[in-house]
1. Would you be able to tell me the number of residues in segment 4-22 that are among the charged types (D, E, K, R) and in a helix (DSSP H, G or I)?
2. Would you say LYS62 is surrounded by fewer than 19 Cβ atoms within 10 Å (Cβ to Cβ) and in contact (Cβ under 8 Å) with a residue 40 or more places away in the chain?
3. Looking at (1) touching a strand residue (DSSP E or B) at 6+ places or on another chain (Cβ under 6 Å); (2) surrounded by fewer than 16 Cβ atoms within 10 Å (Cβ to Cβ), which is the one condition that is false for ALA18?
4. Of the numbered conditions (1) of a type outside the set (D, E, K, R); (2) at pLDDT below 95; (3) closer than 26 Å to THR13 by Cα, THR107 satisfies every one except a single condition; which is it?
5. Look through segment 73-103, keep the residues that are among the β-branched types (Val, Ile, Thr) and without any contact (Cβ under 8 Å) to a residue 40 or more places away in the chain, and return whichever of them is nearest to ASP29 (Cα to Cα).
Amino acid sequence: MIEARATARFVRTSAQKAGLVMDLIRGRDVNHALATLKFARKGVATDIEKVLRSAIANAQNKEGFGGDVDRLFVSGCYANQGPSQKRIRPAPMGRAFRVVKRTAHLTVHVTEKPAFAPAVATTDKPARPRRAGAKPKGAARPTGTRANKGAAA
């Protein structure tokens, strides 16, 4: 089972905005993830698509890769906060407002799904004996409840 990752550092977006798009592709196969990113209406989707394609290429170049890209899926993806650039914007009456230009580090992990193997028949364990005095499963509940007792008066 091959695992590969790719990271884009100092991408000019906030980690929160990138995380919203990464939530869309986490756990999906790579073809479905690429299609999702292509039609996502967020600017950071193009940056995440580049990172995903790089992770796929890294998996293909790893020793022991099966050769079938369709068996790859996005096993993990996250956006960590990078350094922020602080700038000053003039404000009325001689004041100044601070502008924070955020960056993020985008990381995508892809993993190869294991080849299909038929399930091996297992021996069934005998059911555990029930404790003495236990009710059988599916026994009916008592009909009276607190709500019904108060409604009769």
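The values are calculated or read from the model by the stated rules, or taken from the named source; none is laboratory data. Computed from a predicted model, the values in this text were never measured in an experiment. Methodologically, a virtual Cβ is constructed for each residue, glycine included, from the backbone with ideal geometry; neighbour enumeration extends over all protein chains shown.
1. 1
2. Criteria met by LYS62.
3. Of (1) touching a strand residue (DSSP E or B) at 6+ places or on another chain (Cβ under 6 Å); (2) surrounded by fewer than 16 Cβ atoms within 10 Å (Cβ to Cβ), only one is false for ALA18: (2).
4. The number of the failed condition is (2).
5. Filtering segment 73-103 for residues that are among the β-branched types (Val, Ile, Thr) and without any contact (Cβ under 8 Å) to a residue 40 or more places away in the chain, the one nearest to ASP29 (Cα to Cα) comes out as VAL100.
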